[in-house]
Amino acid sequence: MKIEKITLNAINESKWSGGTTSEYFIYPKGSSVQAQDFDFRISTACIEVEASTFTKFPNHDRILLILEGQTEIIHRDKYSKQLKKFDLEYFPGNYDTSSSSIGKVKDFNLIYDVKYSANVEVFKGVLNFKKTIQQKQWMFIFNYNGDLTLQYSNEFYTIESNEMLILCNENNPQDFYLKGNAQSLISTIKLK
């Protein structure tokens, strides 16, 4: 199993019409959001305007998780939904989507090609459990706030606030342990 740590100084931050976005990971390396030639991308965004329009990503699905604040997400001609801290929204990337917020909102975004399946789990409070990464699976552990340690075999990885650990497993299922007191996310992407 390959393990890579993404620290705060390795994150690519850029401006967009509604605020700033921080790209933690994009695959394959060298692909870009602008070219829309990526398989999956993980980022956070700060929304600093009352109304914002989401970029369309045909042939991709999206998972959005609110980290701070609250917003109404509007999928034109589909439905709208109020989202508050740690609420998740799964939706197709080709939807006409916008948001309406009062005050600053920070969110976590996973955008992935429809040839993959993905999931996001939220963990809060004291953590002390075993997790398994399956064969041909990517797993992303994002520590939003708190103390978090991953143990794999005899190795320990500390994940500070706003850092991410990337696990990629091509072989047989592998077990690891998470310990700490944190507000953290685990995103899984299954390769098909």
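The values are calculated or read from the model by the stated rules, or taken from the named source; none is laboratory data. Values in this document were obtained by computation on a predicted structure and should not be read as measured data. Reconstructed Cβ throughout: ideal geometry from the backbone, glycine too, with neighbour counts over all protein chains shown. Areas reflect the complete protein model, heavy atoms only, side chains present, ligands, DNA and RNA absent. Shrake-Rupley method; radii C 1.70, N 1.55, O 1.52, S 1.80 Å.
Values computed for the structure shown
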item	result
Under 16 Å from the Cα of residue 124 - lysines, other chains or at least 8 residues apart	84, 85, 179
Inter-probe distance in nm under a simple model that places probes 7 Å from Cα toward Cβ, at residue 36 and residue 136	2.7 nm
Cβ charges +1 (Lys, Arg) and -1 (Asp, Glu), total dipole of the stretch 81-192, debye	260 debye
In Å², nearest 10: area of residue 122 left accessible to a 1.4 Å probe	50 Å²
Relative contact order (percent, whole number), the chain, Cα cutoff 8 Å, 6+ residue spacing	23 percent
Whole-number D in µm²/s for the stretch 1-77 (Stokes-Einstein; Kirkwood sum over Cα pairs; 25 °C, 0.890 mPa s)	171 µm²/s
Computed accessible area, residue 126, all protein chains, 1.4 angstrom probe, square angstrom	120 Å²
Under Karplus coefficients 6.51, -1.76 and 1.60, residue-wise ³J(HN,Hα) of the stretch 38-52 in Hz, glycine/proline x	9, 8, 7, 9, 10, 8, 10, 9, 9, 9, 10, 10, 5, 10, 9
In the stretch 1-56, the trypsin sites (Lys or Arg not before Pro) that fall in loop regions by DSSP, at most 16 other Cβ within 10 Å	29, 56
Lys/Arg +1, Asp/Glu -1 at C-beta; the chain dipole; positive extreme among 46, 162, 120	120
The stretch 154-159 - phi-based ³J(HN,Hα) in whole Hz, Karplus 6.51/-1.76/1.60, Gly and Pro as x	9, 10, 10, 10, 8, 10
At most 16 other Cβ within 10 Å, DSSP loop - trypsin sites (Lys or Arg not before Pro), the stretch 104-143	104, 115, 136
Inter-site label distance for residue 86 and residue 124 at 7 Å from Cα along Cβ, in nm	0.3 nm
Dipole magnitude of the chain, debye to nearest 20 (Cβ charges: Lys/Arg +1, Asp/Glu -1, about Cα centre)	340 debye
For log10 I(q)/I(0) by the Debye sum over Cα atoms at q = 0.11, 0.12, 0.13, 0.14 Å⁻¹, calculated from these coordinates, the label among [x] -0.61, -0.71, -0.82, -0.91; [y] -0.48, -0.58, -0.68, -0.79; [z] -0.69, -0.74, -0.80, -0.86	[y]
